[in-house]
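Worksheet: one structure, shown below.
The values are calculated or read from the model by the stated rules, or taken from the named source; none is laboratory data. Nothing here was measured: the structure is a model prediction, and the numbers come from that model. Positions of Cβ are backbone-derived with ideal geometry, glycine not excepted, and every protein chain shown enters the neighbour counts. Side chains included, ligands, DNA and RNA excluded: accessible areas come from the protein's heavy atoms. Shrake-Rupley method; radii C 1.70, N 1.55, O 1.52, S 1.80 Å.
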Amino acid sequence: MIAYIVRRLLYAIPILIGVNLITFALFFVVNTPDDMARMALGMKRVTPEAIERWKAERGYDKPLVWNAAEGGSRKVTETIFVEKSAAMFAFDFGQADDGRDIASEIRTRAGPSLAIAVPVFVVGLVTMISVALLMVFFRATYVDTSGVVLCVALMSISALFYIIGGQYLVAKVWRLVPISGYAGGLDALRFLLLPVVIGVVSGIGAGARWYRTLFLEEINREYVRTARAKGLSELRVLFRHVLRNGLIPILTASVAAIPLLFMGSLLTESFFGIPGLGSYTIDAINHQDFAVVRSMVFLGSVLYIVGLVLTDISYTWADPRVRLE
Amino acid sequence: MIDLTTIEPALLWTDVLLIGLVLALVGLVWHIRRHAHLAAPWRKVALSRAGMVSASVLAVFAGIGLLDSLHYRPALPDAPALAAGPGAAGKALRHSVELRHSVELRSALDALLDPLPTQVETTYSAPMATRAFNKTALEGAAPGGTARDYPRLKFGGAHLADEGAAKVRDIGERVVRGALSGLACAVGALALLALLCGPRAAIGRFRGWLFGNGEDATHWAAWTLLGIATLAGALAWLAGGYHVFGTDKVGQDVLYQILKSIRTALVIGTLTTLVTLPIGVVLGIAAGYFRGWIDDVIQYLYTTLNSIPGVLLIAASVLMTQVYMDTHPESFETVTARADFRLLFLCLILGITSWTGLARLLRGETLKLRELEYVQAAQAFGVSSWSILGRHILPNVMHIVLIAMVMDFSGLVLAEAVLSYVGVGVDPSMISFGTMINSARLEMAREPMVWWALAAAFVFMFALVLAANLFADAVRDALDPRTRVRGVA
């Protein structure tokens, strides 16, 4: 088991190198630092000195991959690739355009992001499974069909409308919670309630429908027929047998998403003004802060790969038939 | 009516690709109709009511989008006067004098909606309003100076002398007339189509279309189209005198914007699959069939791409395109061409980030297929790998490809709105659902609230995505062998 995990983690290295190369190519090769400087400083009347200063401030004034002016190993290390791209492996993200350290910014912002993402994830999972089980219990009746139609309708509404509608109705008309903002400690509850509810509601349609098909696949299996033949009640069959087996694919799919909860939600955080990583990313995109976007891409990939490893481990935990070699 | 001889066709890149895609689709339908084994599963789609209703709604959306994809440059006002001189001299002139065309592009949809695109008020006005939404100082309204009041609109309800009871009667009249004429046109068109299909059984065919032939649900499609025609007729008659969905901040008609948004959504939803399909199909099948190092490389490729959060990869790529477009302004003649380039590029990036799912599905299916007897037999006979892939594997995974294609559409339309909101979607100058929602968001904070642009965007986007989802379900139920088996059991 441990050998397997170590091997999986070793597999992750070439993938992260690939991600690193892609971001390097995107951010430094497709458009040179000169292009970025010219755009950041405004297109008209940019002096070469201003461009050089902009690049020097950010450490972009070195050659991309090969520094011929230096000697020895410094030919390789004194380059943008090593200093800006390869350094991310040590989680050294450098500075944002406003001069703050990106790594410490990420640490402080992960808290608010998790404060929304974790409740949305947990409450959402429970709600979706309950709704799906309800539809399966009433399968092939009007409850089931209208449930599926409702799910498809809910799926067809853009996440933007859920947020705008929720903000308008709950915060503006009913004035139950503040429209946006964030505070530390217990005060945060007031601010978190609405985003969490909206996050859960907007995910129900797609999730419940998918889980319903998973449960329906299980319900035609032979062990379910055996359970019914033993004389178990339908509820017992559903909860003790179908739910447990149907949970395996749900669990493994959800585990993959857990590490990515750190990244927060772009939309929710920016609409509700929550100072998490999602709004950090959106602000960086809007201000064209390339260093931050690059760091978030790399962080996201690392978390995704952690998710993949966790998925494999959760398989063995949930399903004793699976053995990792 | 525009004089067709004076305009200059000016197709954008996305226009060409979209029209090409439609032609390819027509070719595919023709091919499927000729082969009974291919047509059989599609007949099942015709059995499903939801499938037929959603298909006809989608067809209407596609028609609007296609009309909006036929771009041309209208002649400048002084040019036709020269060109349309009387007699032979005029004709000669028309050829010798080079017509000057406007820089601005218009589409067939614009021409059809004329004069709606040009009926621009000064600022916000509510749906069906005759007066503006904000008070402004009116000169000469009160004796001896200015008074603040809601000014009358330049176009909305401008034909009315008094705005009270006359307006209600006028609206009612327009709705009834429009609905009736829309319905009459649609019934007439159906009857004409029945006649064109062969005059002998025309009446029976017409009756079958409307009341069902007892076999499938195609009459549901006919009724949906009749319903849409009725609605469209009423809308058209109302739009002739009012801003049906109000106007936005710069006074542009919201209905017009909605109709323009449809094309953007369709382009994103369809052209992206043009990128996804070739990459996903080739790599997925190759990985499953050849296994070994090819499989390793392809798996590495898609795991790497998958591991980058989609929105961030798109954001990074779009930011980089933005840098390119800003540093090379000379490559783009017009604002429209610039926006079009960005739209095309967005499709490309979306395609590159979304082929991984399809490739993984196809790899799994190919791994299963390659062990089947008929593939083994082909290998034993020494058939080359490429012919096995083309003749034995590809046709047998085609249903997965088609299902993935329709299933992706709705997701892409929704993604466009989110990406445009984040600021990495379409060009801000391009009308799309995303840009409409984005600007409407700020209007929510106004007091009293400007709700109509958002509401209109919601209704039309919901209709489009819901139809796409329902159609995708119908197609999946019909084409997926797994559901077929389950349906029988």
**OP:** For B:MET449, state whether it is facing chain A (nearest Cβ under 10 Å), part of a loop (DSSP other than H, G, I, E, B), closer than 25 Å to B:LEU259 by Cβ and out of contact with any Pro (no Cβ under 6 Å at 6 or more places or on another chain).
**Re:** yes
Original post:
Before we move on, is B:LEU367 surrounded by fewer than 17 Cβ atoms within 10 Å (Cβ to Cβ) and out of contact with any Lys or Arg (no Cβ under 6 Å at 6 or more places or on another chain)?
Top reply: yes
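Do you know which of the residues in segment B:378-417 that are of a type in the set (D, E, K, R) and under 21 Å from A:MET155 (Cα atoms) is nearest to the other protein chains (Cβ to nearest Cβ)? Let's see the steps before the verdict.
Initially, segment B:378-417 is screened for residues of a type in the set (D, E, K, R), giving B:391, B:408, B:416.
Remaining after also requiring under 21 Å from A:MET155 (Cα atoms): B:408, B:416.
Numbers: B:ASP408: 14, B:GLU416: 9 Å.
So, considering only residues that are of a type in the set (D, E, K, R) and under 21 Å from A:MET155 (Cα atoms), the one nearest to the other protein chains (Cβ to nearest Cβ) is B:GLU416.
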**OP:** Among the residues of segment A:173-189, count how many are open to solvent by less than 80 Å² (accessible area, probe 1.4 Å) and of a type in the set (Phe, Trp, Tyr).
**Re:** 1
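Would you say B:ALA359 is open to solvent by 30 Å² or more (accessible area, probe 1.4 Å) and either away from chain A (no Cβ under 11 Å) or free of Cβ contacts under 8 Å to residues at least 60 places away in the same chain (or both)? It would help to see each step written out before you state the result.
Details: open to solvent by 30 Å² or more (accessible area, probe 1.4 Å): no; either away from chain A (no Cβ under 11 Å) or free of Cβ contacts under 8 Å to residues at least 60 places away in the same chain (or both): yes.
It is false that B:ALA359 is open to solvent by 30 Å² or more (accessible area, probe 1.4 Å) and either away from chain A (no Cβ under 11 Å) or free of Cβ contacts under 8 Å to residues at least 60 places away in the same chain (or both).
Name the residue, out of A:ILE13, A:ILE51, A:ILE2, that is loosely packed, with under 14 Cβ neighbours inside 10 Å and within 14 Å of chain B (Cβ to nearest Cβ). Please lay out each step first, then the result.
Numbers: A:ILE51 fails: loosely packed, with under 14 Cβ neighbours inside 10 Å; A:ILE2 fails: within 14 Å of chain B (Cβ to nearest Cβ).
It is A:ILE13.
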**OP:** Take segment B:419-447 and flag every residue that is among the aliphatic types (A, V, I, L, M), open to solvent by 10 Å² or more (accessible area, probe 1.4 Å) and without any contact (Cβ under 8 Å) to a residue 60 or more places away in the chain.
**Re:** B:LEU442, B:MET444, B:ALA445
Original post:
Of the residues in segment B:239-265, how many are under 20 Å from B:PRO115 (Cβ atoms), part of a loop (DSSP other than H, G, I, E, B) and open to solvent by 10 Å² or more (accessible area, probe 1.4 Å)?
Top reply: 6
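Which residues, counting only those in segment A:32-48, are more than 7 Å from chain B (Cβ to nearest Cβ), surrounded by fewer than 20 Cβ atoms within 10 Å (Cβ to Cβ) and in a helix (DSSP H, G or I)? Spell out how you get there, then give the answer.
Let us first name the residues in segment A:32-48 that are more than 7 Å from chain B (Cβ to nearest Cβ), namely A:32-34, A:37, A:40-42, A:44-48.
Then drop every residue that is not surrounded by fewer than 20 Cβ atoms within 10 Å (Cβ to Cβ), which leaves A:32, A:34, A:40-42, A:44-48.
Within segment A:32-48, A:ASP34, A:ALA40, A:LEU41, A:PRO48 qualify.
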**OP:** Output yes when any residue across segment A:295-310 is away from chain B (no Cβ under 12 Å) and open to solvent by 20 Å² or more (accessible area, probe 1.4 Å), and no when none is.
**Re:** yes
Original post:
Given the conditions (1) open to solvent by less than 60 Å² (accessible area, probe 1.4 Å); (2) of a type outside the set (Asp, Glu); (3) within 12 Å of chain B (Cβ to nearest Cβ), and given that A:LEU192 satisfies all but one, which numbered condition is not satisfied?
Top reply: (3)
Original post:
Which of (1) in a loop (DSSP other than H, G, I, E, B); (2) of a type in the set (A, V, I, L, M, F, W, C); (3) in contact (Cβ under 8 Å) with a residue 24 or more places away in the chain does A:VAL177 not meet, given it meets every other one?
Top reply: (3)
Subject >> Of all residues making up segment B:418-432, the number that are more than 8 Å from chain A (Cβ to nearest Cβ) and either within 15 Å of the chain's Cα centre (by Cα) or assigned to a loop (DSSP other than H, G, I, E, B) (or both) >> reply: 8
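Name the residue, out of A:GLY147, A:GLY124, that is open to solvent by less than 20 Å² (accessible area, probe 1.4 Å), more than 24 Å from the chain's Cα centre (by Cα) and either away from chain B (no Cβ under 11 Å) or of a type in the set (Phe, Trp, Tyr) (or both). I'd like the intermediate steps shown before the answer.
Values: A:GLY124 fails: more than 24 Å from the chain's Cα centre (by Cα).
Going through A:GLY147, A:GLY124 in turn, the sole match is A:GLY147.
Rundown of residues vs (1) open to solvent by 30 Å² or more (accessible area, probe 1.4 Å); (2) of a type in the set (S, T, N, Q); (3) on the phi < 0 side of the Ramachandran plot; (4) at pLDDT 90 or above, yes/no style:
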residue: B:GLY292; (1), (2), (3), (4): yes, no, no, no
residue: B:ASN306; (1), (2), (3), (4): yes, yes, yes, no
residue: B:SER317; (1), (2), (3), (4): no, yes, yes, no
residue: B:SER354; (1), (2), (3), (4): yes, yes, yes, no
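Report whether or not B:SER410 is assigned to a helix (DSSP H, G or I), free of Cβ contacts under 8 Å to residues at least 40 places away in the same chain and open to solvent by less than 30 Å² (accessible area, probe 1.4 Å). Please lay out each step first, then the result.
Working: assigned to a helix (DSSP H, G or I): yes; free of Cβ contacts under 8 Å to residues at least 40 places away in the same chain: no; open to solvent by less than 30 Å² (accessible area, probe 1.4 Å): yes.
Considered against the rule, which asks whether it is assigned to a helix (DSSP H, G or I), free of Cβ contacts under 8 Å to residues at least 40 places away in the same chain and open to solvent by less than 30 Å² (accessible area, probe 1.4 Å), B:SER410 comes out as no.
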Original post:
Which ones in segment B:266-315 are more than 14 Å from chain A (Cβ to nearest Cβ) and not in a helix (DSSP H, G or I)?
Top reply: B:ARG291
Original post:
For segment A:25-42, does any single residue satisfy the condition of being at pLDDT 85 or above, hydrophobic (A, V, I, L, M, F, W, C) and within 23 Å of B:MET320 (Cβ to Cβ)?
Top reply: no
Original post:
List, please: which pairs have Cβ atoms under 6 Å, are six or more places apart or on different chains, and start with a residue in segment B:456-477 that is more than 9 Å from chain A (Cβ to nearest Cβ) and in contact (Cβ under 8 Å) with a residue 12 or more places away in the chain and end with one that is open to solvent by less than 40 Å² (accessible area, probe 1.4 Å) and among the basic types (Lys, Arg)?
Top reply: none
Subject >> Residues being surrounded by fewer than 20 Cβ atoms within 10 Å (Cβ to Cβ) and not small (Gly, Ala, Ser) - total across segment A:202-213 >> reply: 3
Subject >> Residue that is open to solvent by 20 Å² or more (accessible area, probe 1.4 Å) and either at the interface with chain B (Cβ under 10 Å from one of its Cβ atoms) or at pLDDT 80 or above (or both), where the choices are A:LEU277, A:LEU324, A:LEU260 >> reply: A:LEU260
Original post:
What's the number of the condition B:GLY204 fails, among (1) part of a helix (DSSP H, G or I); (2) within 25 Å of B:PHE61 (Cα to Cα)?
Top reply: (2)
**OP:** Quick one: which residue in B:VAL26, B:VAL45, B:VAL57, B:VAL53 is closer than 24 Å to B:HIS219 by Cα and within 13 Å of the chain's Cα centre (by Cα)?
**Re:** B:VAL57
**OP:** Please state which of the following conditions A:VAL29 fails to meet, knowing it meets all the rest: (1) in contact (Cβ under 8 Å) with a residue 12 or more places away in the chain; (2) closer than 23 Å to A:THR281 by Cβ; (3) within 14 Å of chain B (Cβ to nearest Cβ); (4) open to solvent by less than 60 Å² (accessible area, probe 1.4 Å).
**Re:** (4)
